[in-house]
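Enquirer: Before we start, here is the structure in question, set down as structure tokens.
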Amino acid sequence: DSLQPATLYNAFSDEPGGVAGYVLRRRIDACRRALRDRGNQGRSITDIAFSFGFSNMAYFSRVFCNHLGASPSD
């Protein structure tokens, strides 16, 4: 048996934005952790964002700020 899309969407029905919102929040949280990690001091914000699947910095900055209340550079 394969997972039916409706089953997946129902499992995330309580999440703001559903499955996509959940995945986006996880990616933003991973970026936040990477930006705070001293081991990444030599990496740019762009490099970190791209490593978590973002390909547009304006979009990344906007969703990062919307979810965390601060810009990635903060």
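The values are calculated or read from the model by the stated rules, or taken from the named source; none is laboratory data. Everything quoted here is computed from the prediction, not taken from an experiment. Here the Cβ is made from the backbone with ideal geometry for all residues, glycine too, and neighbour counts use every protein chain on show. Ligands, DNA and RNA are stripped out before the accessible areas are found, and what is left, the full protein with its side chains, is counted by its heavy atoms. Shrake-Rupley method; radii C 1.70, N 1.55, O 1.52, S 1.80 Å.
Enquirer: How far is the Cα center of the range 12-32 from the Cα center of the range 44-74, in Å?
Expert: 14 Å
Enquirer: Let me ask another. List, in order, the whole-Hz ³J(HN,Hα) value for each residue of the range 5-19 obtained from phi through the Karplus relation with A = 6.51, B = -1.76, C = 1.60 and θ = phi - 60°; use x for Gly and Pro.
Expert: x, 4, 5, 5, 5, 5, 5, 10, 5, 7, 7, x, x, x, 4
Enquirer: Of S51, S61, S13, which is the most mobile in a GNM of the chain whose springs link Cα atoms less than 10 angstrom apart?
Expert: S13
Enquirer: Using the eigenvalues of the Cα gyration tensor, what equivalent ellipsoid semi-axes result for the chain when each is taken as the square root of five times the eigenvalue, whole Å, largest first?
Expert: They are 28, 13, 10 Å, listed largest first.
Enquirer: Between C65, C31, Q41, whose Cα lies farthest towards the positive end of the dipole of the chain when Lys and Arg beta carbons carry +1 and Asp and Glu beta carbons carry -1, centred on the Cα centre?
Expert: Value: Q41.
Enquirer: With a sphere of radius 14 Å drawn around the Cβ of N56, what net charge do the other residues whose Cβ falls strictly inside it have (Lys, Arg +1; Asp, Glu -1)?
Expert: +2
Enquirer: What ranking of R26, R32 comes out by heavy-atom accessible area, probe 1.4 Å, highest first?
Expert: The most accessible residue leads, giving R26, R32.
Enquirer: I would also like to ask the following. Between 0 and 90 degrees, rounded to the nearest ten: what's the tilt of helix 57-68 against the longest Cα principal axis of the chain?
Expert: Relative to the chain, helix 57-68 is tipped by roughly 70 degrees.
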